[in-house]
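Have a look at the structure below, then the notes.
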Amino acid sequence: MDQNYEKLFGYLNEVEPPQNLLSKIILSVQRQEKFLLKKRCAFLLVGWMGSAALLFWAAQSVADGFIESGFLKFFALIFSDFKIIAVYWQSYFLSLSEALPTASLIVFFVSFLIFINFLKPLAKNVKIVFASARLRII
Amino acid sequence: MNNFNNLIDEKLVELYLDGEAVALDVLVERYLKWIYNFTARLCGDRKEAEDLTQETFLKAWKNLKKFDQKKSFKTWIFNIAKNTSIDYLRKKKSIPFSNFENKDGENLLAENLVDLAPLPPEIFERNNLAREIEVAIAKLPVKYQAVIFLKFNNDFTFQEIADSLDEPLDTVKSRCRRGLALLRKILMENAPK
C-alpha cells in the first residue's frame, strides 16, 4: 500500500529555498550572538565596576579597622620588644588575633572574590568583542 | 568545513557549544531545504516559509544549550519547525479549516474510512499530477499534512514523526492512514470525467 502512495509523492516537487536564505540565517544568528555578547559585556562591566567600588570601600574599612583596633600597634611590638614577645608568644598572638578586624576582613575577601569573578569573564568577553571587530576590519 | 560535513548532528552540536562556530553553519545547511519545504507546505506560502525557516533556526540556536545530545537533533528541529508554523497559523487565525472537519475538530469522514485502498493506476497518468497533489494536500487538516510530509517527503519513521510532533505513536499512524484515505478520496473526486 505504502509503495503506491510513495510513488504518488514522488511526483511532488521539492521546493528549493531561495539562494540567499542560508546566508541570511547565518547572518541573523551572528547578529544575535554579537548583541548577546555586548549585553553580557555591559552587564559584566557594570558588575565589575560595582564590585570595584565595593572592594575599595571594603579595603578602606579594613584599613580603618586595623587602625582603630590597635592591631598595628600590637604588631609593631614584634620589632620593638621581640624578646618579651618570644616569652609570652601565646598571649601575644591571642591578643593579636582578637585585635584583627575580622568582619571587615571577611567583607574585603568576599568583595575581592566578587571582583575577580566579574573580571575574568569580562576580560574573556571583551577579548572576543575585539577579536571579532578585528576580523570585520580584515 | 569539509571535515564537519561527515559528522553526525549531535557531534556538530557538541562542537558548536565548545566554540566551533562553523559547526552550526553545517547544521543549518544540512536541514535548510527540509525545514523550508516543511514550513512551506504547512503554511502554504513560500515567502512566509522563508521567515518561518529563519525563525526555526534562530529558536534552535537560542535553545541549543538545552538540547539533550542523547536525543535526535532531526526530530528536535522539526518539532521547533512544527510549533513555529502552528504559531504562525494561529496568529493569522487561519489554521486551514478542512471541509472534512466539524466544529469540534473531529474528522468524521476519516473516522468512517475503514480501509485504505491503493491508488488506481489511472491517477498516475494525469497531466499536472504534481499540482493536483499539492492542491489536494492543502485541503487536508494541518495535522494530517504534517504527518504525511514527514513520512513521504522526508522518509521519517513513524517513531521519528511521533517525536517530532510530540504525539503518541498510534496517533501518528492513525493520522497517516486517515490522511492518505482523504487524499485518495480528493484525488478520485477530481478524476477527469
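The values are calculated or read from the model by the stated rules, or taken from the named source; none is laboratory data. Model, not experiment: these values are computed from the prediction. With ideal geometry, Cβ positions are generated from the backbone for all residues, glycine too; neighbour counts draw on all protein chains shown.
Is there a residue being more than 7 Å from chain B (Cβ to nearest Cβ), modelled with pLDDT of 90 or more and more than 30 Å from residue B:148 (Cα to Cα) anywhere in segment A:5-20? No, that holds for no residue. The criterion of at least 1 residues that are surrounded by fewer than 21 Cβ atoms within 10 Å (Cβ to Cβ) and more than 14 Å from chain A (Cβ to nearest Cβ) is met, among helices (runs of 4 or more DSSP H) falling completely within segment B:1-97, by B:9-17, B:73-91. Every test in (1) closer than 30 Å to residue B:151 by Cβ; (2) at pLDDT 85 or above; (3) surrounded by 12 or more Cβ atoms within 10 Å (Cβ to Cβ) is passed by residue A:53 save one, and that test is (1).
Would you say residue A:22 is out of contact with any strand residue (DSSP E or B) (no Cβ under 6 Å at 6 or more places or on another chain), surrounded by 17 or more Cβ atoms within 10 Å (Cβ to Cβ) and either in contact (Cβ under 8 Å) with a residue 24 or more places away in the chain or part of a helix (DSSP H, G or I) (or both)?
Answer is yes for this residue.
Quick one: which residue in A:86, A:52 is within 19 Å of the chain's Cα centre (by Cα) and either assigned to a helix (DSSP H, G or I) or free of Cβ contacts under 8 Å to residues at least 12 places away in the same chain (or both)? Within the list A:86, A:52, the selection yields A:52. Within the set B:101, B:167, B:106, the sole residue that is farther than 19 Å from residue A:12 by Cβ and modelled with pLDDT of 90 or more turns out to be B:167. The single condition among (1) part of a loop (DSSP other than H, G, I, E, B); (2) modelled with pLDDT of 85 or more; (3) more than 10 Å from every other protein chain (Cβ to nearest Cβ); (4) under 17 Å from the mean Cα position of the chain (by Cα) that residue B:143 does not meet is (1).
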